[in-house]
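Trainee: First, the structure itself, so that you have it in front of you.
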Amino acid sequence: MLNGLPAAVGATDTAAAEAEALASEEAARDALMGDVRAYLKRIEAQESSDGAFAPGLTEDLLGLGLALQRNGDHEQAVRIFKRGIHLSRINEGLYSRRQLALLEGEIASHIALGALSEADERQRYLYRVQAKTLSDVTRGQALMEHALWQRQAYEAGIGEDPFARLVNMWSLYRFALSEFAKVEGETSPMLLPPLYGMLRAQYMLSGFVGETTSGRYRTGGVYGDEESRQIGYRSQSYKHGNAVIRAIYDIQVAQSDVTLKDTAEVLLLLGDWQYWHGKRAEALDTYAQLYGELEETEAAQALREQLFASPQPLPGLAGVRALPQHSGEQEGRLLLEFGVSERGRVMDVVRLDDHMHNDEKAGDIINRLRRTPFRPRIDDGLPVETEGLRWAYDTSAW
(Lines give C-alpha, C1' and ligand atoms only; values in the text may rest on other atoms or scores of the structure.)
Protein backbone atom coordinates (compact mmCIF):
# COMPACT_ATOMS: atom_id res chain seq x y z
CA MET A 1 0.00 0.00 0.00
CA LEU A 2 2.73 2.45 1.00
CA ASN A 3 4.53 1.91 -2.32
CA GLY A 4 1.46 3.15 -4.17
CA LEU A 5 1.31 6.49 -2.32
CA PRO A 6 3.91 8.47 -4.33
CA ALA A 7 2.28 7.58 -7.64
CA ALA A 8 -1.15 8.44 -6.29
CA VAL A 9 0.12 11.73 -4.90
CA GLY A 10 1.82 12.51 -8.21
CA ALA A 11 -1.36 11.80 -10.16
CA THR A 12 -3.33 14.02 -7.80
CA ASP A 13 -0.80 16.83 -8.23
CA THR A 14 -0.96 16.51 -12.03
CA ALA A 15 -4.76 16.58 -12.01
CA ALA A 16 -4.74 19.61 -9.73
CA ALA A 17 -2.29 21.42 -12.01
CA GLU A 18 -4.40 20.65 -15.08
CA ALA A 19 -7.54 21.86 -13.31
CA GLU A 20 -5.77 25.05 -12.29
CA ALA A 21 -4.57 25.65 -15.85
CA LEU A 22 -8.07 25.11 -17.23
CA ALA A 23 -9.53 27.48 -14.66
CA SER A 24 -6.91 30.08 -15.59
CA GLU A 25 -7.70 29.73 -19.30
CA GLU A 26 -11.41 30.03 -18.59
CA ALA A 27 -10.83 33.13 -16.49
CA ALA A 28 -8.78 34.66 -19.31
CA ARG A 29 -11.57 33.91 -21.81
CA ASP A 30 -14.12 35.44 -19.46
CA ALA A 31 -11.97 38.55 -19.14
CA LEU A 32 -11.69 38.86 -22.93
CA MET A 33 -15.43 38.44 -23.36
CA GLY A 34 -15.89 41.01 -20.62
CA ASP A 35 -13.83 43.47 -22.68
CA VAL A 36 -15.92 42.71 -25.75
CA ARG A 37 -19.18 43.24 -23.84
CA ALA A 38 -17.89 46.50 -22.34
CA TYR A 39 -16.99 47.91 -25.75
CA LEU A 40 -20.32 46.83 -27.22
CA LYS A 41 -22.14 48.57 -24.38
CA ARG A 42 -20.16 51.79 -24.88
CA ILE A 43 -20.75 51.73 -28.64
CA GLU A 44 -24.47 51.18 -28.15
CA ALA A 45 -24.65 54.09 -25.71
CA GLN A 46 -22.80 56.43 -28.12
CA GLU A 47 -25.03 55.43 -31.02
CA SER A 48 -28.12 56.12 -28.94
CA SER A 49 -26.92 59.58 -27.90
CA ASP A 50 -24.91 60.81 -30.93
CA GLY A 51 -25.96 58.63 -33.86
CA ALA A 52 -24.37 55.87 -35.91
CA PHE A 53 -21.67 58.20 -37.32
CA ALA A 54 -20.52 59.76 -34.04
CA PRO A 55 -16.80 60.69 -34.29
CA GLY A 56 -16.11 59.13 -30.89
CA LEU A 57 -17.13 55.70 -32.12
CA THR A 58 -13.89 55.19 -34.03
CA GLU A 59 -11.72 54.64 -30.93
CA ASP A 60 -14.20 52.23 -29.37
CA LEU A 61 -14.46 50.29 -32.63
CA LEU A 62 -10.67 49.95 -32.61
CA GLY A 63 -10.78 48.69 -29.03
CA LEU A 64 -13.58 46.24 -29.87
CA GLY A 65 -11.72 44.95 -32.93
CA LEU A 66 -8.56 44.35 -30.90
CA ALA A 67 -10.56 42.60 -28.16
CA LEU A 68 -12.20 40.32 -30.74
CA GLN A 69 -8.75 39.66 -32.20
CA ARG A 70 -7.39 38.60 -28.82
CA ASN A 71 -10.40 36.29 -28.47
CA GLY A 72 -9.60 34.67 -31.83
CA ASP A 73 -12.72 36.01 -33.58
CA HIS A 74 -10.94 37.41 -36.60
CA GLU A 75 -13.91 37.39 -38.99
CA GLN A 76 -15.90 39.65 -36.70
CA ALA A 77 -12.78 41.74 -36.00
CA VAL A 78 -12.36 42.42 -39.75
CA ARG A 79 -15.94 43.70 -39.96
CA ILE A 80 -15.43 45.97 -36.96
CA PHE A 81 -12.11 47.37 -38.22
CA LYS A 82 -13.69 48.09 -41.62
CA ARG A 83 -16.55 49.94 -39.97
CA GLY A 84 -14.06 52.02 -37.98
CA ILE A 85 -12.13 52.91 -41.16
CA HIS A 86 -15.38 53.88 -42.91
CA LEU A 87 -16.36 56.15 -40.00
CA SER A 88 -12.93 57.75 -39.97
CA ARG A 89 -13.17 58.54 -43.68
CA ILE A 90 -16.60 60.11 -43.17
CA ASN A 91 -15.57 62.23 -40.18
CA GLU A 92 -11.90 63.04 -40.93
CA GLY A 93 -11.46 62.75 -44.68
CA LEU A 94 -10.06 60.18 -47.07
CA TYR A 95 -6.69 59.87 -45.31
CA SER A 96 -6.16 60.30 -41.57
CA ARG A 97 -3.79 58.96 -38.96
CA ARG A 98 -6.72 57.48 -37.07
CA GLN A 99 -7.11 54.92 -39.85
CA LEU A 100 -3.60 53.51 -39.38
CA ALA A 101 -4.19 51.34 -36.30
CA LEU A 102 -7.53 50.16 -37.72
CA LEU A 103 -5.91 49.14 -41.01
CA GLU A 104 -3.04 47.38 -39.23
CA GLY A 105 -5.55 45.48 -37.11
CA GLU A 106 -7.60 44.49 -40.16
CA ILE A 107 -4.50 43.27 -42.01
CA ALA A 108 -3.41 41.18 -39.01
CA SER A 109 -6.82 39.48 -38.89
CA HIS A 110 -6.80 38.80 -42.65
CA ILE A 111 -3.41 37.13 -42.24
CA ALA A 112 -4.67 35.09 -39.28
CA LEU A 113 -7.57 33.91 -41.46
CA GLY A 114 -5.23 33.02 -44.32
CA ALA A 115 -6.87 35.68 -46.52
CA LEU A 116 -3.56 36.86 -47.96
CA SER A 117 -4.94 38.54 -51.08
CA GLU A 118 -7.24 40.65 -48.91
CA ALA A 119 -4.32 41.45 -46.62
CA ASP A 120 -2.27 42.53 -49.63
CA GLU A 121 -5.04 44.78 -50.91
CA ARG A 122 -5.38 46.50 -47.52
CA GLN A 123 -1.59 46.76 -47.27
CA ARG A 124 -1.63 48.83 -50.45
CA TYR A 125 -4.31 51.10 -48.99
CA LEU A 126 -2.30 51.41 -45.75
CA TYR A 127 0.68 52.51 -47.85
CA ARG A 128 -1.39 55.31 -49.41
CA VAL A 129 -2.69 56.48 -46.04
CA GLN A 130 0.81 56.47 -44.51
CA ALA A 131 2.21 58.39 -47.50
CA LYS A 132 -0.38 61.12 -46.87
CA THR A 133 -0.19 61.26 -43.08
CA LEU A 134 3.35 60.38 -41.96
CA SER A 135 6.60 62.30 -42.34
CA ASP A 136 10.32 62.03 -41.68
CA VAL A 137 11.47 59.03 -39.63
CA THR A 138 7.99 57.57 -39.13
CA ARG A 139 7.48 57.47 -42.88
CA GLY A 140 10.86 55.76 -43.28
CA GLN A 141 9.90 53.13 -40.72
CA ALA A 142 6.58 52.55 -42.51
CA LEU A 143 8.43 52.11 -45.81
CA MET A 144 10.67 49.50 -44.17
CA GLU A 145 7.58 47.55 -43.06
CA HIS A 146 6.09 47.70 -46.55
CA ALA A 147 9.36 46.45 -48.04
CA LEU A 148 9.23 43.47 -45.67
CA TRP A 149 5.62 42.82 -46.71
CA GLN A 150 6.65 42.75 -50.37
CA ARG A 151 9.13 40.00 -49.59
CA GLN A 152 6.58 38.05 -47.55
CA ALA A 153 4.04 38.38 -50.37
CA TYR A 154 6.69 37.17 -52.84
CA GLU A 155 7.43 34.12 -50.69
CA ALA A 156 3.71 33.38 -50.35
CA GLY A 157 3.17 33.68 -54.11
CA ILE A 158 0.53 36.40 -53.79
CA GLY A 159 -0.38 38.06 -57.08
CA GLU A 160 0.42 37.35 -60.70
CA ASP A 161 3.85 39.01 -60.94
CA PRO A 162 6.13 37.82 -58.13
CA PHE A 163 9.23 39.39 -59.70
CA ALA A 164 7.61 42.83 -59.36
CA ARG A 165 7.47 42.21 -55.60
CA LEU A 166 11.26 42.09 -55.49
CA VAL A 167 11.55 45.29 -57.52
CA ASN A 168 9.09 46.94 -55.11
CA MET A 169 11.07 45.61 -52.15
CA TRP A 170 14.23 47.26 -53.50
CA SER A 171 12.42 50.54 -54.23
CA LEU A 172 10.77 50.75 -50.83
CA TYR A 173 14.05 50.20 -48.99
CA ARG A 174 15.60 52.88 -51.21
CA PHE A 175 12.77 55.30 -50.36
CA ALA A 176 13.25 54.53 -46.66
CA LEU A 177 16.97 55.26 -47.03
CA SER A 178 16.17 58.67 -48.50
CA GLU A 179 13.73 59.49 -45.69
CA PHE A 180 16.24 58.58 -42.98
CA ALA A 181 19.06 60.47 -44.74
CA LYS A 182 16.99 63.66 -44.94
CA VAL A 183 16.45 63.65 -41.18
CA GLU A 184 19.53 61.93 -39.75
CA GLY A 185 22.26 62.76 -42.27
CA GLU A 186 24.24 60.76 -44.82
CA THR A 187 26.43 58.94 -42.28
CA SER A 188 23.82 58.05 -39.66
CA PRO A 189 23.76 54.39 -38.56
CA MET A 190 19.98 54.58 -39.09
CA LEU A 191 20.77 54.21 -42.78
CA LEU A 192 22.24 50.74 -42.29
CA PRO A 193 18.95 48.74 -41.97
CA PRO A 194 17.52 49.99 -45.30
CA LEU A 195 20.91 49.48 -46.98
CA TYR A 196 21.04 45.88 -45.81
CA GLY A 197 17.43 45.49 -46.97
CA MET A 198 18.46 46.79 -50.40
CA LEU A 199 21.30 44.27 -50.54
CA ARG A 200 18.94 41.40 -49.66
CA ALA A 201 16.63 42.60 -52.43
CA GLN A 202 19.50 42.55 -54.93
CA TYR A 203 20.44 39.00 -53.93
CA MET A 204 16.85 37.93 -54.56
CA LEU A 205 16.57 39.88 -57.81
CA SER A 206 19.65 38.09 -59.13
CA GLY A 207 18.44 34.58 -58.34
CA PHE A 208 18.85 33.81 -54.64
CA VAL A 209 16.77 30.89 -53.30
CA GLY A 210 17.12 29.86 -49.66
CA GLU A 211 16.27 31.51 -46.35
CA THR A 212 12.78 33.02 -45.98
CA THR A 213 11.34 35.61 -43.60
CA SER A 214 9.78 32.78 -41.57
CA GLY A 215 13.23 31.31 -40.87
CA ARG A 216 12.59 28.29 -43.05
CA TYR A 217 14.42 27.43 -46.29
CA ARG A 218 13.18 26.99 -49.83
CA THR A 219 14.84 24.29 -51.88
CA GLY A 220 12.71 24.80 -54.99
CA GLY A 221 13.33 27.13 -57.90
CA VAL A 222 11.97 30.56 -58.70
CA TYR A 223 8.35 31.30 -59.58
CA GLY A 224 7.02 31.16 -63.12
CA ASP A 225 8.93 33.08 -65.78
CA GLU A 226 10.97 35.14 -63.31
CA GLU A 227 14.07 33.01 -63.92
CA SER A 228 14.65 34.57 -67.34
CA ARG A 229 13.98 38.03 -65.92
CA GLN A 230 16.51 37.42 -63.14
CA ILE A 231 19.14 36.39 -65.67
CA GLY A 232 18.56 39.65 -67.53
CA TYR A 233 18.74 41.65 -64.30
CA ARG A 234 21.86 39.98 -62.92
CA SER A 235 24.54 42.31 -64.36
CA GLN A 236 22.57 45.38 -63.33
CA SER A 237 22.04 43.85 -59.90
CA TYR A 238 25.79 43.32 -59.47
CA LYS A 239 26.45 47.04 -59.91
CA HIS A 240 23.65 47.99 -57.52
CA GLY A 241 24.91 45.58 -54.86
CA ASN A 242 28.48 46.89 -55.13
CA ALA A 243 27.24 50.45 -54.61
CA VAL A 244 25.15 49.43 -51.60
CA ILE A 245 28.05 47.61 -49.90
CA ARG A 246 30.37 50.56 -50.45
CA ALA A 247 27.74 52.85 -48.89
CA ILE A 248 27.57 50.50 -45.89
CA TYR A 249 31.37 50.65 -45.60
CA ASP A 250 31.43 54.46 -45.76
CA ILE A 251 28.85 54.70 -42.97
CA GLN A 252 30.70 52.17 -40.81
CA VAL A 253 34.07 53.94 -41.03
CA ALA A 254 32.38 57.28 -40.23
CA GLN A 255 31.27 56.04 -36.80
CA SER A 256 33.35 57.11 -33.79
CA ASP A 257 33.07 53.64 -32.22
CA VAL A 258 33.88 51.63 -35.36
CA THR A 259 35.89 48.46 -34.73
CA LEU A 260 38.22 46.38 -36.85
CA LYS A 261 35.57 43.64 -36.90
CA ASP A 262 32.95 46.07 -38.27
CA THR A 263 35.03 47.09 -41.27
CA ALA A 264 36.40 43.60 -41.86
CA GLU A 265 32.90 42.13 -42.05
CA VAL A 266 31.84 44.71 -44.66
CA LEU A 267 34.91 43.98 -46.80
CA LEU A 268 34.10 40.28 -46.48
CA LEU A 269 30.53 41.10 -47.53
CA LEU A 270 31.92 42.76 -50.66
CA GLY A 271 34.13 39.78 -51.48
CA ASP A 272 31.24 37.37 -50.97
CA TRP A 273 28.98 39.47 -53.25
CA GLN A 274 31.68 39.41 -55.93
CA TYR A 275 32.25 35.66 -55.54
CA TRP A 276 28.53 34.83 -55.62
CA HIS A 277 28.23 36.73 -58.91
CA GLY A 278 31.09 34.77 -60.46
CA LYS A 279 33.60 37.64 -60.25
CA ARG A 280 36.21 35.29 -58.83
CA ALA A 281 39.32 37.38 -59.55
CA GLU A 282 37.78 40.48 -57.97
CA ALA A 283 36.60 38.49 -54.95
CA LEU A 284 40.01 36.89 -54.38
CA ASP A 285 41.63 40.32 -54.54
CA THR A 286 39.20 41.55 -51.88
CA TYR A 287 39.81 38.50 -49.68
CA ALA A 288 43.59 38.84 -50.08
CA GLN A 289 43.44 42.54 -49.17
CA LEU A 290 41.44 41.77 -46.04
CA TYR A 291 43.66 38.79 -45.16
CA GLY A 292 46.73 41.01 -45.35
CA GLU A 293 45.15 43.74 -43.21
CA LEU A 294 44.38 41.26 -40.43
CA GLU A 295 47.92 40.38 -39.41
CA GLU A 296 49.29 43.24 -37.30
CA THR A 297 47.98 42.20 -33.87
CA GLU A 298 46.94 38.99 -32.14
CA ALA A 299 43.33 40.19 -32.12
CA ALA A 300 43.47 40.81 -35.87
CA GLN A 301 44.96 37.38 -36.50
CA ALA A 302 42.24 35.75 -34.38
CA LEU A 303 39.61 37.57 -36.43
CA ARG A 304 41.31 36.42 -39.64
CA GLU A 305 41.14 32.84 -38.40
CA GLN A 306 37.46 33.27 -37.57
CA LEU A 307 36.63 34.65 -41.03
CA PHE A 308 38.79 32.48 -43.30
CA ALA A 309 39.64 29.20 -41.54
CA SER A 310 36.74 27.22 -43.05
CA PRO A 311 34.65 27.39 -46.24
CA GLN A 312 31.34 29.24 -45.94
CA PRO A 313 28.18 28.93 -48.08
CA LEU A 314 27.16 32.01 -50.05
CA PRO A 315 25.32 34.17 -49.49
CA GLY A 316 25.91 34.30 -45.73
CA LEU A 317 24.06 37.55 -45.04
CA ALA A 318 21.35 37.29 -42.37
CA GLY A 319 17.96 37.04 -44.08
CA VAL A 320 19.34 35.58 -47.30
CA ARG A 321 21.50 32.72 -46.09
CA ALA A 322 21.93 29.93 -48.58
CA LEU A 323 21.81 27.16 -45.97
CA PRO A 324 20.64 26.83 -42.36
CA GLN A 325 23.20 26.77 -39.58
CA HIS A 326 24.54 23.26 -39.34
CA SER A 327 24.84 21.55 -35.96
CA GLY A 328 27.14 19.06 -34.26
CA GLU A 329 27.23 15.52 -35.59
CA GLN A 330 25.13 14.11 -32.74
CA GLU A 331 22.41 16.76 -33.03
CA GLY A 332 21.18 16.38 -36.60
CA ARG A 333 19.02 13.81 -38.32
CA LEU A 334 20.96 14.31 -41.57
CA LEU A 335 24.75 13.93 -41.40
CA LEU A 336 26.80 14.80 -44.49
CA GLU A 337 30.48 14.68 -45.29
CA PHE A 338 31.83 16.69 -48.21
CA GLY A 339 34.67 18.83 -49.45
CA VAL A 340 34.95 22.29 -51.00
CA SER A 341 37.37 22.92 -53.85
CA GLU A 342 39.66 25.94 -54.09
CA ARG A 343 37.08 27.38 -56.51
CA GLY A 344 34.30 27.10 -53.93
CA ARG A 345 32.53 24.10 -55.44
CA VAL A 346 31.05 21.37 -53.25
CA MET A 347 32.46 17.92 -54.04
CA ASP A 348 32.26 14.30 -52.86
CA VAL A 349 29.04 14.59 -50.82
CA VAL A 350 28.41 11.44 -48.76
CA ARG A 351 25.49 10.79 -46.44
CA LEU A 352 26.64 9.20 -43.17
CA ASP A 353 23.48 8.93 -41.04
CA ASP A 354 21.03 6.02 -41.07
CA HIS A 355 17.77 8.01 -40.78
CA MET A 356 16.48 6.87 -44.13
CA HIS A 357 12.78 7.57 -43.46
CA ASN A 358 13.04 11.13 -44.83
CA ASP A 359 14.90 10.48 -48.06
CA GLU A 360 12.97 12.98 -50.20
CA LYS A 361 13.72 15.98 -47.99
CA ALA A 362 17.29 14.79 -47.43
CA GLY A 363 17.72 14.53 -51.21
CA ASP A 364 16.49 18.12 -51.61
CA ILE A 365 19.00 19.34 -49.03
CA ILE A 366 21.88 17.42 -50.62
CA ASN A 367 21.01 18.80 -54.06
CA ARG A 368 20.81 22.31 -52.61
CA LEU A 369 24.21 21.86 -50.94
CA ARG A 370 25.77 20.71 -54.21
CA ARG A 371 24.42 23.79 -56.03
CA THR A 372 25.50 26.28 -53.36
CA PRO A 373 28.69 28.26 -54.06
CA PHE A 374 31.11 28.50 -51.14
CA ARG A 375 33.72 31.01 -50.15
CA PRO A 376 36.74 28.68 -50.10
CA ARG A 377 39.07 28.45 -47.14
CA ILE A 378 41.76 31.11 -47.40
CA ASP A 379 45.29 30.23 -46.30
CA ASP A 380 48.21 32.64 -46.64
CA GLY A 381 45.96 34.88 -48.72
CA LEU A 382 45.10 32.18 -51.26
CA PRO A 383 42.07 29.87 -51.74
CA VAL A 384 42.72 26.24 -50.87
CA GLU A 385 40.77 22.98 -51.07
CA THR A 386 39.13 21.61 -47.93
CA GLU A 387 38.25 17.95 -47.35
CA GLY A 388 36.34 16.02 -44.72
CA LEU A 389 33.77 18.63 -43.63
CA ARG A 390 30.98 17.03 -41.56
CA TRP A 391 27.73 18.96 -41.23
CA ALA A 392 24.52 17.80 -39.55
CA TYR A 393 21.06 19.22 -40.21
CA ASP A 394 17.68 19.14 -38.56
CA THR A 395 15.50 18.64 -41.62
CA SER A 396 12.50 20.37 -39.99
CA ALA A 397 14.07 23.73 -40.96
CA TRP A 398 13.40 22.98 -44.64
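Trainee: State whether one or more residues within the range 239-247 are modelled with pLDDT of 95 or more, in contact with a strand residue (DSSP E or B) (Cβ under 8 Å, 6 or more places away or on another chain) and surrounded by 14 or more Cβ atoms within 10 Å (Cβ to Cβ).
Mentor: There is no residue in the range 239-247 that is modelled with pLDDT of 95 or more, in contact with a strand residue (DSSP E or B) (Cβ under 8 Å, 6 or more places away or on another chain) and surrounded by 14 or more Cβ atoms within 10 Å (Cβ to Cβ).
Trainee: Out of everything in the range 41-76 that is over 17 Å from Leu102 (Cα atoms) and among the hydrophobic types (A, V, I, L, M, F, W, C), what residue ends up being modelled with the lowest pLDDT?
Mentor: Among those that are over 17 Å from Leu102 (Cα atoms) and among the hydrophobic types (A, V, I, L, M, F, W, C), it is Ala52.
Trainee: Would you say Arg321 is touching a helix residue (DSSP H, G or I) at 6+ places or on another chain (Cβ under 7 Å), of a type in the set (D, E, K, R) and at pLDDT below 90?
Mentor: So Arg321 fails the test.
Trainee: Output the residues belonging to the range 251-269 that are closer than 18 Å to Met198 by Cβ and out of contact with any Leu (no Cβ under 9 Å at 6 or more places or on another chain).
Mentor: Val266
Trainee: Give the number of residues within the range 345-363 that are closer than 24 Å to Phe208 by Cα and crowded, with 17+ Cβ neighbours inside 10 Å.
Mentor: Within the range 345-363, residues that are closer than 24 Å to Phe208 by Cα and crowded, with 17+ Cβ neighbours inside 10 Å number 2.
The values are calculated or read from the model by the stated rules, or taken from the named source; none is laboratory data. Predicted model, so just to flag it, every value in this text is computed and none were measured. Neighbour counts run over all protein chains shown; Cβ positions are idealised from the backbone, glycine included.
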